[in-house]
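This report concerns only the one structure given below.
Taken together, the values in this text are just the output of simple stated rules run on the coordinates, not laboratory data. Since the model is a prediction, treat every value here as computed from it, not as a measurement.
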Amino acid sequence: MKWVLKVFPIGHSLSCALFVLAAFALLAFAAQDFWIALYAYGERSREDRVDAILDGISVLTISLASFELGQTIYEEQVLRETHISAPTRVRRFLSRFLVVLVVALSIETLVAVFRFSRVDPSQLPYAAAVGLTAAALLAAWGAFVQWNRSAELLEPEAMESAKQEDAEVDRRDDGSQEHDATGR
């Protein structure tokens, strides 16, 4: 049955690679939108060019979220080989994920407000709904972190283990040699 546990890092690595691949593809699409907006002067109106830039920002935001999710999966699941069971691990993983999600939704709200305020103000309630969703996620995340702290206090060894693991991963990322407890 231990062979099953060896399959998960492969799946996580593939997921990470696909997130990064998707992020690069979206980055290329965003660059294309910006190029069209900036260099299609005679062919498009100013409003069309602004819309292309706003589209590029939306796609760029999703690209950034894909990069961040790929990095989170890589660091938390592949490098650390963590199993999301301890409260510390759950909070860390969800926090990293929700930061990306809340920022992406907030940027998307701004883009939607700019677009709808110019093109179709009747759509502004939909932009507000996306913004309220981001705010609700942020509030729920804050409540989760607050409630999760008491669970972490019951397992101080899990927090210490996570800190040691972070230091070990940081040393690997820096390419440095073995260090003693003082970091030398």
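Data overview
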| read-out | value |
| --- | --- |
| Extension gain, ALA135 back to LEU14 (0.36 nm per residue minus Cα-Cα distance, nm) | 40.4 nm |
| ³J(HN,Hα), Karplus 6.51/-1.76/1.60, whole Hz, each residue of segment 46-61, x for Gly, Pro | 4, 5, 5, 5, 4, 4, 5, 5, 5, 4, x, 5, 4, 5, 4, 4 |
